[in-house]
Each structure stands twice: as C-alpha cells, then as structure tokens.
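K.L.:
The structure that follows is given in the form of structure tokens.
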There are 2 protein chains.
Amino acid sequence: MKNAVIITIGDEILSGNTVDTNSNFIATELKNIGIKVVQIFTVSDEVEVIKNTLKSAFELADLVITTGGLGPTRDDKTKKALADFFDDEIALDEVTFEHLKAYMEKRGRTEILERNREQAFVPTKCTVFQNHYGTAPCMMMPNGNKLSFSLPGVPYEVKPLIKNQIIPYLKQKFSLEYIVARIVSVVGIPESILADRIENWELQLPDNMALSYLPIGTRVKLKLTASGENEQFLQIQLEDQIQKLFPIIGDHIIAAKEDKIEKILAEILSDKKMTISTAESCTGGELAKMLTSNPGSSQFFTGGIVTYATEMKIKTLNVSESMIERFTVVSEEVAREMSEGCQKLFQTDIALSTTGVAGPGKGEDGKEVGTVYYSIRVKNHSHTFKLFLPHLERQDFTYFVSQKIIQDLVGILIEK
Amino acid sequence: MKNAVIITIGDEILSGNTVDTNSNFIATELKNIGIKVVQIFTVSDEVEVIKNTLKSAFELADLVITTGGLGPTRDDKTKKALADFFDDEIALDEVTFEHLKAYMEKRGRTEILERNREQAFVPTKCTVFQNHYGTAPCMMMPNGNKLSFSLPGVPYEVKPLIKNQIIPYLKQKFSLEYIVARIVSVVGIPESILADRIENWELQLPDNMALSYLPIGTRVKLKLTASGENEQFLQIQLEDQIQKLFPIIGDHIIAAKEDKIEKILAEILSDKKMTISTAESCTGGELAKMLTSNPGSSQFFTGGIVTYATEMKIKTLNVSESMIERFTVVSEEVAREMSEGCQKLFQTDIALSTTGVAGPGKGEDGKEVGTVYYSIRVKNHSHTFKLFLPHLERQDFTYFVSQKIIQDLVGILIEK
C-alpha cells in the first residue's frame, strides 16, 4: 500500500480560527484508492518550517499533499518554500497565466493586478493542475520516485482539484491495492462491555483486516477494514466477518451498511415508503438540516418547522395553552403535542419534536440548561423521552440531541 | 510568549472518518491565554510513532497536548507510549479508580470490568486531572521545565477538561503575555484588490501586530492580532489601527467587532429591536440553525419553516399555484412569495426564504443543480437574488447560501 502525508499550512488553523476540513476530505478520497495517510502536519506560514516539514514528510511517505499558503497575500509562503526545498526557481507559466486571465475575465475582472499575475509564477520543475474555482494553481513536483502536490487552502477549490484531477491522476499512475471498509452501528451497550463481548471475534480476524471503535453519542461504530488486491473478494470477506458478529451482538446492531445515522434512517424510510416531518424548538433547525443533508431526502422529508416563540407552538402546532401553563413549555406533554401538531400540519407518517433549553441561559420557565424533551410519533403512537446534557455546549447539544432522536427512531422502526 | 504543540492521536482521523475539531478548540483556548500553537501533528495509534512525535513536539514547544488513544479498547496506545517516552511505569492510581467507580455507579454501572479498571492505571510520575464526563483520566507529565497533558479524544470530554481544568492551571502556573485579536469583515471587494489597497496600512503596523486574511464565502475577514503585556493597551492599539482602515476601505467594512456573520447580524437585530423568521427549501434548515446557533437568539428569531414539498409551500406560506405553474418552484417569484408568506406566518419584521436545487440530482422542474433564489424581506420591501453554485457539494452549498443571505441582510440593514 502507498503511504501519504498531508501538510496543512496556515496560521489560521493553528490559531484556532479555522477548522481544517481539507485533511479529512483528502484522507477519505485517498483511502478509497488505497492510499493510506500516515501523518498530518499542521504548520505555520513560514518558509523554514514548511521546508523542514516537507523533508519529514518525504521520509514518511511517497506522496505528500500540501494545502494552503498559496493566496495572493503577504502571509502566504508555500511557493517560496517549495522552490527552496526542490532547489528550483519560480517563473511565469504562460499557460497558467492564460488560464488565470480567462478565469478572472469570466468573473468580470479585466484589470489584472501584479499581485494576480504573481499567482501564475510557479517552480519551473512543476506540472500545473489548473484550478477551475480559484486563482491559485495546483503544483505537482517530482522528488525521485516520490511526488508532492501543493493545493490552495479554500475547501471549495480543494475538493474539485482532488476529486476530478489528482485522484484520477494517481489512480492511473500507480496500480494500487484496494482498501474496503464496513461500518457496523451498535447501540445500547457501553464500549467497554462491547469490546469484551467481541474480543474472541476480533482475535480471529484475518491479518489483512483491522477493527476500530468510533463512538458517536450513544452509538458505537465498529469499523472493519480489509486490504488486498481483489476488491470483490474483500467485500465478501467483510460480509462474512460481519455475519459472524450477529450471533454475538445482533440485538444491538442497528445497521451494518450505512455509516451516518441519517443515511441509515433514509434507507429504512425509503424501504417502508414512510414520510417524516419535524417540529423543533431547542434544536433550532439542526434536526431538519440533518434529515435533509443527503441527496434524495425530498422523497421522505415533507417539511419542518422551528417554533422558537411559544405563541408559534400554539398557533402553528396547536399546542394547548393550558398544557403549557400546567407543565411549562419544556415538558413531556408539550413535546408530545408538538409532534402531534407537526404530523397533522405536514401530513406525514412520522413526526419528531424537540423542546428544551440549549443554554447557556436558563429557560423562561426556569428549567435547567441541558434539559430536553423529545417526542417521536410514528403513525398513531407517540414515544416521548427526556435527556439531560448540561455539559454540552450549545452547538454540541443540538447535534447530540438530533443524532439521538434519529437513532431512537431507527430503533423504533426496526423494533430494537 | 509560550509555544505549544498539539498531537492528535487516532487512526480514525487519518482515515478520514472523523474531523478533528479538538485541535481547533484547544488552539483557540490557548491563544486566549497567550499560548501560541506552533504545530499540530496528527498521527496513528502506534507506540513508536507517538513516542517519536512527543520527541519532535518537545523540541518545538514547552507545552505538549495530546488527544486520543486513551479508550478502553485494543486500538488505543497513548498510555503505553507516554510511559515509554518518560521512562516510567504504569500503575493503578487509587484516587482515579475511586473517581472512575463513582462515575460509573452514577450511570448505573455497578459491575466494573477489568477493562474499565485498566483506565485507572496511569504513569507513576503523572498528575491526574479527573475526567467528569468520561472514563479516561487526563494525565499531566513534567519534562524538565516543560509539560505534557494527555487527554481523551471525545470532544465532549476534551472541552470541559481544557476549559475548566487545564486553562486555569496554565494561567496560574505561568504569567503569560496577552494576545488580543480583532476581526474586520470586508465585503464586495476581491482579496487581491483589498490587499493592494491596504498595503501601506499593513506596512506601517507596529511590530507587535500581525495581519492575516481569512476569506469565507464572498467575505474577507481581516484578522489583526496584537501581543504584549498590557491587555488594555493592546485593545486600544487595535482600535487605533482599525480606525485608520475606515478612510481606506470603510465602504466595504460590514463589521469590526464580531467575527461570525450570524453574530454580526444578532447585534444589529438586537440594536434595532427587529425580529426575523425563515422559510427554507433547498437549505433544509441550515439557515434557521445558523440564526439560532448563538445564545440569546430567541430574542429575535421567532421561528422558521422548511417547506420541502411543494404543497407545503402553498399550504403554509400561501405561495400561489399559478405562480409555481408559470415560473416553476425554483424561481425569483416563488422566493419572493415565500418570504412574504413567512413574514405573515411568523409576524416578523424580517423574513428570509430560499428555493433552489442543492443536488446532486436535478430539480423536478429541470432547473440546474446549484441554482438558488433567495428573498430578503425587510418590513415592506423584498430584495430577491439568484446564485449559481454548481461546483459546491450539498453540505457546502447550504452553508454557503445561508452565509451569503445573512451577509446580504447585514448589508441591507446597515445600508451598504
């Protein structure tokens, strides 16, 4: 198997200003063609640091991918570091300059600044992969039998460069081993007990397979990876091993194909031809967003409503005022009425509702921060639950709650 | 200024399964107390690799923070690497074991497995910071004048450990230089032209200040950082420099205090005592989620609706069927009617709407993937816009569109 190292360049990552999502994307794409990322370096925009990191990276891997530090501004240093490291010069590349001019003209920019022109200067030994969504070209440098690619840092530019240009190039250049993975989703069992139960199964796995545990909320994802030359054989091998898991922990397995809980749900809803809608308070749209995050969701997701104001719960979802007075707006009763009102409004088989206090301020009715009631209504039955998550920050709270609701719904639908 | 290195340990990050958000959080928290993260290493769960990385890290910085690899499962190796690196032994720590037992009992787990007990084994030279939200303790190891902290990898556990325990400890232990930053948000000017315009301003900045460019969508965030011993002086110094920017690019500045566009909007809405609601189609809840992502949003956000199904647009938002027939559901006209209906439904000063094709499949009416119309209705005026973003993946698409709408609304409200 080929190894790769990713170098993320940019003070904005080190200072905590920007979350690096490029590495994750690149690692996933490389893995799919059998290239393993063995290390990621995140370093500052300094020529010496970048050069030293390139050296370390080539010691660890055959393929080095850098992102960032190619912008037209003073704080971007990658190109200088590349030229120094490869003992090369930087010169204007006419083809790249023409591409750049066309790119800018298409966007109504006819005046090309010196600063823009500089972006068409590249190391003379490099092969340019033109960037169709930005002004910084991607540069490939040979290093003996090894290779480096330097990309800009903007995710919108990185994704098409990797997917449409670099991956096809690498696929063709190397004949690569396949890596295939399957995820088994396990619920209702703590990680440590799970690990104990499947220990013997894990020990008998063939040498080309590896297991890892990925806990997410109250679900544990068991990731089983196999590598080898024949993709179809690997698929069969994985399926065999997963089948062996069912007699051991089958009661706790909610999915063995899809990874994301919203995709697991999407598959079930499509199978059962059921529709769904949401009525949210404290999750503020996160639940709807999660349900619509994958293509094809319009087949089952009819609509959702975020009723932040109490009067909107009454007006649009028909929650009764007396219920709110008696139990407060953050209560099991209101959650249930919200899901009922939601089901009626959107005319769906399933309706989900949330009401709670995301914090950090207390709710109007004095309920503790981190309290949430949610209701899952399937046909004529409501299932209402409470969670108390005072330790989660606002964003994590809405995410955790939304994940958990979808997970519980999956459990209800497959009767586990 | 003190330097730090973060080591993220875990094959799940390298394989692209999990996005590392811990490093971002830790970097931000450290920066706030004047500790600069100079490098981040993301490495695999292998004892030798972790040891080598600890060595490199201590060569670069006084403070090393590791996350991950402390779980109760076979693939976690951090503790072994720590003991080896520091030439130490691992032994049961009674206090930690008592804490662990209490933690588990509180959660109804009375049976303590050998695997759980192992979590209370730590290097003998370490100081334990107890983990109140998980079973893996945080371990601090001295290394001459330097320090390392090893934390678990679960973000819910990392955040409170860092915020409530490690940061206060570091603050007390070192008397640290302050680093203060301000973000100036600039719109309507490309990064390269902006850089040209403010070049002279940038060159005259004092030595203790640094500028960086953070493009996000069609906005450029100028981040100005100052370091020194007197926090108040730094604040004044930053304000002075920012004031000097206004005569140069004031027309393009939409905010000079808050960083996130939704926070910039929140401040304006609070000032103007205006309320807002949303009616979404292709953004699927992202816009509502963004508006409610900060505390206090219930003061201005009344509610939102996601009308995925066309009939819901008609039923709840009163979009006219003839309009849909004439112009299709993805049109300027429907966007405008949605915002009008939304304003009526939620009785708000402002209403935002989106209708488009997030893809990857084409819309029912044959509109191209990446097409979106959105309408911003403020009091009695509707402003309707079109975007065409065929190169964005579904998740990036909804995010980009939502950002842009809020940015445009800010522009309208402050009349820029």
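K.L.:
Please verify whether A:ILE167 is in the same structural domain as A:THR66 (by TED's automatic domain parsing), open to solvent by less than 10 Å² (accessible area, probe 1.4 Å) and more than 20 Å from A:ILE90 (Cβ to Cβ), treating the condition exactly as stated.
P.N.:
no
K.L.:
Sticking with this one: Which of (1) free of Cβ contacts under 8 Å to residues at least 40 places away in the same chain; (2) open to solvent by 30 Å² or more (accessible area, probe 1.4 Å) is the odd one out, the single condition B:MET140 does not satisfy?
P.N.:
Here B:MET140 meets the rest and fails (2).
K.L.:
What is the residue count in region A:276-297 for residues that are among the polar types (S, T, N, Q) and surrounded by fewer than 19 Cβ atoms within 10 Å (Cβ to Cβ)?
P.N.:
So the count comes out to 1.
K.L.:
Name the single residue that is nearest to the other protein chains (Cβ to nearest Cβ) among those in region B:328-363 being free of Cβ contacts under 8 Å to residues at least 40 places away in the same chain and open to solvent by 60 Å² or more (accessible area, probe 1.4 Å).
P.N.:
By that ranking, first place goes to B:PRO360.
K.L.:
Could you figure out which of (1) open to solvent by less than 20 Å² (accessible area, probe 1.4 Å); (2) more than 20 Å from the chain's Cα centre (by Cα); (3) modelled with pLDDT under 95 isn't true of A:ILE33?
P.N.:
The one condition A:ILE33 does not meet is (2).
K.L.:
If we scan region A:54-74, do we find a residue that is aromatic (Phe, Trp, Tyr), in the same structural domain as A:THR18 (by TED's automatic domain parsing) and crowded, with 19+ Cβ neighbours inside 10 Å?
P.N.:
no
K.L.:
A further question follows. Working only within region B:174-191, note down all residues that are open to solvent by less than 10 Å² (accessible area, probe 1.4 Å) and among the small types (Gly, Ala, Ser).
P.N.:
Within region B:174-191, B:SER185 is the sole residue that qualifies.
K.L.:
Which condition does A:ILE248 not pass, out of (1) more than 11 Å from chain B (Cβ to nearest Cβ); (2) touching an Asp or Glu at 6+ places or on another chain (Cβ under 6 Å); (3) among the β-branched types (Val, Ile, Thr), if it passes all the others?
P.N.:
Of the numbered conditions (1) more than 11 Å from chain B (Cβ to nearest Cβ); (2) touching an Asp or Glu at 6+ places or on another chain (Cβ under 6 Å); (3) among the β-branched types (Val, Ile, Thr), the odd one out for A:ILE248 is (2).
K.L.:
Now a separate question. Scan (1) open to solvent by 30 Å² or more (accessible area, probe 1.4 Å); (2) more than 12 Å from every other protein chain (Cβ to nearest Cβ); (3) farther than 28 Å from A:GLN403 by Cα for the single condition A:LEU203 breaks and write down its number.
P.N.:
Evaluating A:LEU203 over (1) open to solvent by 30 Å² or more (accessible area, probe 1.4 Å); (2) more than 12 Å from every other protein chain (Cβ to nearest Cβ); (3) farther than 28 Å from A:GLN403 by Cα leaves (2) as the failure.
K.L.:
Is there a residue in region B:372-379 that is open to solvent by 30 Å² or more (accessible area, probe 1.4 Å) and either within 11 Å of chain A (Cβ to nearest Cβ) or part of a helix (DSSP H, G or I) (or both)?
P.N.:
no
K.L.:
In region A:108-122, which residue that is more than 9 Å from chain B (Cβ to nearest Cβ) and not charged (D, E, K, R) is surrounded by the most Cβ atoms within 10 Å (Cβ to Cβ)?
P.N.:
Ranking the qualifying residues of region A:108-122, first place goes to A:VAL122.
K.L.:
Among the residues of region B:380-394, write down those that are outside any loop (DSSP other than H, G, I, E, B) and either touching an Asp or Glu at 6+ places or on another chain (Cβ under 9 Å) or not basic (Lys, Arg) (or both). It would help to see each step written out before you state the result.
P.N.:
Going residue by residue through region B:380-394, those that are outside any loop (DSSP other than H, G, I, E, B) are B:381-388, B:394.
Across region B:380-394, the qualifying residues are B:HIS381, B:SER382, B:HIS383, B:THR384, B:PHE385, B:LYS386, B:LEU387, B:PHE388.
K.L.:
If we scan region B:312-319, do we find a residue that is open to solvent by 10 Å² or more (accessible area, probe 1.4 Å), among the aliphatic types (A, V, I, L, M) and within 11 Å of another protein chain (Cβ to nearest Cβ)? Lay out the reasoning, then the answer.
P.N.:
To start, the set of residues in region B:312-319 that are open to solvent by 10 Å² or more (accessible area, probe 1.4 Å) comprises B:314-316, B:318.
Of the ones still in play, those that are also among the aliphatic types (A, V, I, L, M) are B:314.
Subset that is within 11 Å of another protein chain (Cβ to nearest Cβ): none.
No, region B:312-319 contains no residue that is open to solvent by 10 Å² or more (accessible area, probe 1.4 Å), among the aliphatic types (A, V, I, L, M) and within 11 Å of another protein chain (Cβ to nearest Cβ).
K.L.:
Moving to a separate point now. Evaluate the following for A:SER23: is it at pLDDT 95 or above and either within 11 Å of another protein chain (Cβ to nearest Cβ) or crowded, with 19+ Cβ neighbours inside 10 Å (or both)?
P.N.:
The answer is yes for A:SER23.
K.L.:
Away from chain A (no Cβ under 12 Å) and among the small types (Gly, Ala, Ser): is that true of B:ALA81 in this structure?
P.N.:
The answer is yes for B:ALA81.
K.L.:
Next up: Does B:ILE50 satisfy the criteria of being open to solvent by 20 Å² or more (accessible area, probe 1.4 Å), touching a Lys or Arg at 6+ places or on another chain (Cβ under 8 Å) and on the phi < 0 side of the Ramachandran plot?
P.N.:
no
K.L.:
So which residues in region A:220-267 are open to solvent by 20 Å² or more (accessible area, probe 1.4 Å), of a type in the set (Val, Ile, Thr) and either within 29 Å of A:SER293 (Cβ to Cβ) or in contact with a Ser or Thr (Cβ under 6 Å, 6 or more places away or on another chain) (or both), if there are any at all?
P.N.:
Across region A:220-267, the qualifying residue is only A:THR225.
K.L.:
Then there's this: Would you mind stating whether A:PRO155 is within 14 Å of another protein chain (Cβ to nearest Cβ) and either within 28 Å of the chain's Cα centre (by Cα) or of a type in the set (S, T, N, Q) (or both)?
P.N.:
Against the criterion (within 14 Å of another protein chain (Cβ to nearest Cβ) and either within 28 Å of the chain's Cα centre (by Cα) or of a type in the set (S, T, N, Q) (or both)), A:PRO155 qualifies.
K.L.:
Which members of region B:28-62 meet the condition of being within 9 Å of chain A (Cβ to nearest Cβ) and either in contact with an Asp or Glu (Cβ under 8 Å, 6 or more places away or on another chain) or under 27 Å from A:ASN3 (Cβ atoms) (or both)?
P.N.:
Residues satisfying the conditions are B:VAL37, B:VAL38, B:GLN39, B:ILE40, B:PHE41, B:THR42, B:VAL43, B:SER44, B:ASP45, B:VAL49, B:THR53, B:SER56.
K.L.:
Counting only residues that are open to solvent by 30 Å² or more (accessible area, probe 1.4 Å) and at the interface with chain A (Cβ under 9 Å from one of its Cβ atoms), how many does region B:2-19 have?
P.N.:
Number satisfying all stated conditions: 5.
K.L.:
Also: Are any of the residues in region B:81-98 surrounded by fewer than 19 Cβ atoms within 10 Å (Cβ to Cβ), under 30 Å from A:ILE198 (Cβ atoms) and within 20 Å of the chain's Cα centre (by Cα)?
P.N.:
There is no residue in region B:81-98 that is surrounded by fewer than 19 Cβ atoms within 10 Å (Cβ to Cβ), under 30 Å from A:ILE198 (Cβ atoms) and within 20 Å of the chain's Cα centre (by Cα).
K.L.:
Still on this structure: Go through region A:178-217 residue by residue and tally those that are touching a strand residue (DSSP E or B) at 6+ places or on another chain (Cβ under 8 Å) and assigned to a strand (DSSP E or B).
P.N.:
17
The values are calculated or read from the model by the stated rules, or taken from the named source; none is laboratory data. What you see is a predicted model, and the numbers here were worked out from it, not measured in a lab. Cβ: placed from backbone, ideal geometry, glycine included. Neighbour counts: every protein chain shown. Each accessible area value is taken on the protein alone, full model and side chains, heavy atoms only, with ligands, DNA and RNA left out. Shrake-Rupley method; radii C 1.70, N 1.55, O 1.52, S 1.80 Å.
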